[in-house]
1. Which helices count as membrane-span-like in chain B under these terms: full DSSP H, at least 15 Å along the axis by C-alpha, Kyte-Doolittle mean of 1.0 or more?
2. Dividing the convex hull volume of the Cα atoms of region A:157-246 by its residue count, what figure in Å³ per residue is obtained?
3. Suppose each label sits 7 Å from its Cα in the direction of the beta carbon; what would the A:Val148-B:Leu181 distance come out to in nanometres?
4. Given R₀ = 25 Å, FRET efficiency for B:Val136-B:Met229 by Cβ-Cβ distance, to 0.05?
5. Rounded to a whole number, what is D in µm²/s for region B:14-107 from Stokes-Einstein with the Kirkwood radius over alpha-carbon pairs (25 °C, 0.890 mPa s)?
6. Across the protein assembly as shown, how large is the tail of the calculated P(r) beyond 43 Å, expressed as a percent of all Cα pairs?
7. With the convex hull built on the Cα atoms of region A:84-331, state its orientation-averaged projected area in nm².
8. Out of A:Ile245, A:Gly177, A:Ala305, whose Cα points farthest toward the positive end of the dipole of the protein assembly as shown (charges: +1 Lys, Arg; -1 Asp, Glu; placed on Cβ)?
Amino acid sequence: MSEHSVTSKGITRESVSLLHLLKLAIPGGEMSQQKTNLTRRQLIQKLAFGLLWLSGLAAVAILLAVVGYVVVQGAKVVDLEFLTTAPAGGLAASDVGGMSTTVVSTVYLVFWTIFIAGPLGVLAAIYLVEYAEEVEGQSGLIPILVSVVRFAVEVLAGVPSIIFGLFGYALFVSAKGLGWSFSLGSAAVTGAALVLPVIIRASEEAISAVPRSYREGSLALGATKWQTTWKVVLPAAAPGVITGIVLSVGRVVSETAVFFVTFGGTVRAPDTVFDLSSPGRSMALHVYYLAMETRAFDKAMGTGAVLIITIILINLLINVVSRRLTARLGGR
Amino acid sequence: MRRIIDRGVRYVLFLSALVSIFVVFLILLFTLREGLPAFQEIGVVNMLTGTVWRPQQGELGILSMVAGSILVTFGAIALGVPLSLGGAIFLAEVAPSQVREVVRPAVELLAGIPSVVYGLFGMVVLVPMVRNLFSVPGNTGFGLASASMVLAVMVLPTITNIAEDAIRAVPKEYREGSLALGATRWQTIISVTLPAARSGIIAAIILGVGRALGETMAMIMVIGNSIRMPRPLGSNPLTLFLSQARTLTGNVAVEIKYATGLHEDALFATGVVLFVLIMLVNGSARALVQRRSA
């Protein structure tokens with residue numbers, strides 16, 4: 001930790017000493033000292049702002065480089081056949097096979113994680129925003145539990161995904177736990193734990209953004225607290241809540257480490273969405289296996305391109321929804 | 001009737017909220033239950049200071065992985081922080097709003113790109129580049145340098161977003177006062193705004209460190225996964241970064257699927273070490289932010 005604070009201070013110090021050096025380097029006559037001083041300061045500002053522009057635009061450049069490269073390379077192999085053919089699997093067949101079953105597995109996985117974590121997360125957020133303040137500040141067990149819940153959500157949000165993976169492996173996959181082995185079920189419940197804090201945080205934010213007057217109006221008309229929450233607060237917060245859920249979909253689609261140790265990796269998809277005991281391979285896992293085991297980099301690029309485009313579409317969806325949210329709250 | 005529903009609902013909501021505690025509890029329970037036997041059997045000190053990882057021979061020292069994680073995180077921070085902070089200052093203070101509306105979504109999208117895609121890009125583009133750029137014997141391209149570059153991009157959104165918020169949170173009056181005294185905008189930024197936002201910026205960097213320590217798949221794909229202690233390849237000490245390495249996260253992910261017995265326990269213990277590291281890092285960031293708001 002100290003190491004990094006030193007780094008950040010070092011930057012400031014470096015820029016300051018650069019400033020001094022520049023001051024020394026540019027000689028100023030005493031007559032027009034004030035004027036040259038100003039020019040010098042403006043020159044330094046131009047220089048500094050130039051660097052800031054560069055680092056700001058670097059983010060865009062990096063994005064374009066990564067997305068551009070993967071999509072252009074991937075486009076060489078992606079066609080309807082690639083999307084609708086099952087992967088061949090194994091080490092020999094790097095030139096045959098597509099990615100169809102991995103799309104199916106991903107969809108099943110997204111369905112279950114959201115089915116589990118969505119309602120739980122939204123209900124927890126409702127409690128934390130609408131009900132917890134009644135008990136907070138009081139003594140007793142419930143207020144303590146509420147603050148522990150808040151802490152737990154924060155801890156979960158910071159835990160690296162491989163730790164979720166380890167937990168899922170020990171609890172669901174391993175014979176020493178529930179013994180579900182590598183399966184859609186193990187992966188789905190572990191994935192749900194992973195996205196739970198994402199959904200709780202986004203929903204909390206959305207629900208607390210609903211103006212107090214909405215609630216007061218409803219309560220004044222004689223509605224109970226739950227009727228108010230269900231019929232007034234939640235509809236008003238819906239775009240924000242949906243944003244959180246869509247964000248979680250993106251998280252599940254792109255997550256690899258958790259599913260690497262819980263989902264198995266077989267190229268065959270589970271037969272149906274209810275086939276919870278079968279293993280499978282999500283799109284992100286497919287990229288990993290193609291690159292690391294099959295060494296079929298062209299197919300990996302193709303799958304990666306489909307993955308990136310999915311993520312871009314999800315981000316666009318989030319932008320549209322959150323625009324609507326701002327418009328709605330600003331408009332009324 | 002409405003009252004009864006009202007009361008019932010309250011309990012359902014409360015129980016849903018408790019699920020988070022339950023999950024944290026289960027994570028602790030299961031990683032510790034499997035990890036503690038390894039600590040007992042091998043000894044915490046032996047495990048943390050042992051540089052030999054040969055599970056078949058029962059030698060389970062994880063110092064090389066600790067070193068790998070720390071070195072790659074250091075590399076990512078050294079490369080990523082100037083870029084991220086520059087980006088944050090740019091977004092908060094300099095960028096015209098039209099430019100900001102392009103850069104900010106770009107940063108968001110960088111955060112959304114799956115880590116396997118970064119890993120794939122690293123394998124196909126960065127690794128050959130590093131291999132061809134530095135002609136040092138034993139340089140395969142896979143190693144700390146490539147991994148640091150990939151990781152620098154992955155921590156960029158975290159640091160940029162949080163640091164930008166911290167800079168924006170500095171009251172307008174500070175800037176106005178400085179500008180009114182005749183300081184240029186740059187002087188204002190460097191000597192007023194940034195010092196005022198310092199704790200938030202440091203918290204942003206610390207959270208970036210946490211993010212870097214936790215990254216798994218992209219690291220496995222580009223770092224080479226050697227179990228040996230990272231070492232300089234040539235006489236120049238900087239060639240240390242051309243060395244292959246393995247991270248704590250990678251150690252867990254690569255071996256857990258086939259490990260049994262004490263080996264498996266040692267992998268869970270690796271997870272415990274990682275968990276403790278991350279909690280320390282994130283906790284210090286939280287403490288910093290809370291001290292600021294207090």
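1. Details: long enough: B:2-42 (60 Å, 1.20); B:63-89 (37 Å, 1.86); B:97-112 (23 Å, 0.36); B:144-168 (34 Å, 1.23); B:198-214 (24 Å, 1.40); B:261-293 (48 Å, 0.87).
TM-like helix candidates: B:2-42, B:63-89, B:144-168, B:198-214.
2. So the per-residue Cα hull volume is 112 Å³.
3. 5.0
4. Details: r = 18 Å, r/R0 = 0.70.
FRET efficiency, B:Val136 to B:Met229: 0.90.
5. Working: Rh = 17.9 Å.
Once the numbers are plugged in, D ends up at 137 µm²/s.
6. Details: 49512 of 195625 pairs.
It works out to 25 percent of all Cα pairs.
7. Its Cα hull, projected and averaged over all orientations, spans 15.8 nm².
8. The Cα lying farthest towards the positive end belongs to A:Ile245.
Values quoted throughout were computed directly from the atomic coordinates according to the rules given, and no laboratory measurement underlies them. These numbers were taken from a predicted model, which means no experiment stands behind them. Every residue, glycine as well, gets a Cβ built from its backbone with ideal geometry; the counts of neighbours run over all protein chains shown.
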